[in-house]
């Protein structure tokens, strides 16, 4: 009887440790590696519609043709990368010190979205991630 109680305790402890490790791994994954976002407008229709959930990767740099999520004026937006432009900022001596990337984006649905010329370039630091998967909303 005592031996059975010890086995049950070991199994509970082992199960609790495994669940804890799994929860920590999921939190780390969705905090640093990936994220989930909701599309709020039809500006990327037909690729993305309002209400769709997207899974995006935070790591890596966007390349031409990829769909990205970015933040501008406090709002999360989606767009397709048209070009990546590297510009060198100059310090007070006139030499280039920092290279910052600007990304030119465009949206699919020109009539629904705002004027695409307003968002011709965005800084790379405003990019939240590259869209990996889309979960369609039910109609």
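Could you say whether any residue in region 35-47 is touching a strand residue (DSSP E or B) at 6+ places or on another chain (Cβ under 7 Å) and more than 22 Å from residue 106 (Cβ to Cβ)?
Checked against the condition, which is being touching a strand residue (DSSP E or B) at 6+ places or on another chain (Cβ under 7 Å) and more than 22 Å from residue 106 (Cβ to Cβ), region 35-47 yields at least one hit.
If you go through region 36-75 one residue at a time, how many are more than 13 Å from residue 135 (Cα to Cα) and touching a residue at least 24 places away in the same chain (Cβ under 8 Å)?
21
For residues that are assigned to a loop (DSSP other than H, G, I, E, B) and at pLDDT 80 or above, scanning just region 117-139, find the one that is nearest to residue 46 (Cα to Cα).
If we take residues in region 117-139 being assigned to a loop (DSSP other than H, G, I, E, B) and at pLDDT 80 or above, then 136 is nearest to residue 46 (Cα to Cα).
If you take the residues in region 69-97 that are part of a loop (DSSP other than H, G, I, E, B) and farther than 14 Å from residue 122 by Cβ, which one is modelled with the highest pLDDT?
Across region 69-97, the extreme among qualifying residues is 95.
Yes or no: region 103-116 includes at least one residue that is modelled with pLDDT under 80 and either in a helix (DSSP H, G or I) or within 15 Å of the chain's Cα centre (by Cα) (or both).
Yes, that holds for at least one residue.
What is the one condition in (1) at pLDDT below 85; (2) under 11 Å from the mean Cα position of the chain (by Cα) that residue 100 does not satisfy?
(2)
Within region 23-44, how many residues turn out to be surrounded by 17 or more Cβ atoms within 10 Å (Cβ to Cβ) and in a loop (DSSP other than H, G, I, E, B)?
5
The values are calculated or read from the model by the stated rules, or taken from the named source; none is laboratory data. Predicted, not measured: the structure shown is a model, and the values here were computed from it. Virtual Cβ from ideal backbone geometry, glycine too; neighbours counted across all protein chains shown.
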